[in-house]
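The values are calculated or read from the model by the stated rules, or taken from the named source; none is laboratory data. Values in this document were obtained by computation on a predicted structure and should not be read as measured data. Counting neighbours? That spans all protein chains shown, and the Cβs are built from the backbone with ideal geometry, glycine included. The area values use the complete protein model at the heavy-atom level, side chains included, leaving out ligands, DNA and RNA. Shrake-Rupley method; radii C 1.70, N 1.55, O 1.52, S 1.80 Å.
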Amino acid sequence: MRRAPAIIDLELPRDASGFVRRECPQCQRDFKTRPCRHDASILQRRLASLFPFENAHESFDEVPDWWCLYCGYRAAGDEWLTPGQQAHVEAVARAWANHVRYEQLAYVSRTLSLNPRPTFVSVEPEALPGPMPPDTDDLRIIPLVCCGEEVKALWDWEGPLFCPRCGSRHGGLSGRQQIHLEFIQE
Ligand SMILES: [Zn+2]
Ligand SMILES: [Zn+2]
C-alpha cells in the first residue's frame, strides 16, 4: 500500500534569473520579485485553507502586506499567487486529500478482516503532482532604490512603479505631463 507522504514539497517556480512571478489581485498584471522568506508560509496557509489538515489550528507565520508594482494596490502577502500557482496548490491539496482518504479506507478494510464480504473497494490514488515547471524568463529587471531590491516589470509599462515591499512610489509623471505642467507654470 502506498502511504500518504508525510511532507508535501511545494515551492513557487523561479525563472532563469531567479525571480518569482506574482499577480496583482486588483489589476491582474504580472510582476516578479526575488523569492521571499515568507513564500513558504504563503503556500502553507493557502494549502491549509484548501484542505483541513489535522494541524490546521497551528498558527502560521504572519505574512506582511505587499503593494502592486503598477497600481499600488495593497493586500496581504498570500493574495499574490498567479492563477497557475493557485491551480497547482489546489491540485496538490486534492491529491493529498485522496491519499489520506485512501489510507483511512484501507485501514477500515484491514480491520474489518472478519467481514467476509467487504462492501467497498478502495482505489489506490494517483501520485502527488510534481513540482511546477520553471517560469519563463520574461519581463525586464528594474532596481528599486528604496529597498535596494530588483523587481521585474512589464516591458511596455510607462507609469509609476510602487515598491512591492514598502509601497514607495517611483516616478509618476510621464514626459508629456511634465512638459504640460511646466507650460502652465509659465
Ligand atoms: Zn495592480
Ligand atoms: Zn521599497
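A few comments on the model shown:
- Taking amide H as placed 1.01 Å from N in the peptide plane, ARG165 has its amide H under 5 Å from the amide H of TRP67, each at least 5 places away in sequence or on another chain.
- Label-point gap, in nm, between GLU62 and ARG101 - each point 7 angstrom along Cα→Cβ: 3.7 nm
- Residues whose placed amide H lies under 5 Å from that of ILE142, excluding near-sequence neighbours: VAL151, LYS152, ALA153
- Accessible-area order (highest first, 1.4 angstrom probe) of the listed residues VAL63, VAL108: VAL108, VAL63
- Charge tally in the Cβ shell below 12 Å around GLU11, where Lys, Arg are +1 and Asp, Glu are -1, GLU11 excluded: -2
- Among residues other than GLN85 with Cβ under 14 Å from its Cβ, the summed charge is -3 (Lys and Arg +1, Asp and Glu -1).
- Under 11 Å, Cβ to Cβ, from GLU23 - net charge with Lys/Arg +1 and Asp/Glu -1: +2
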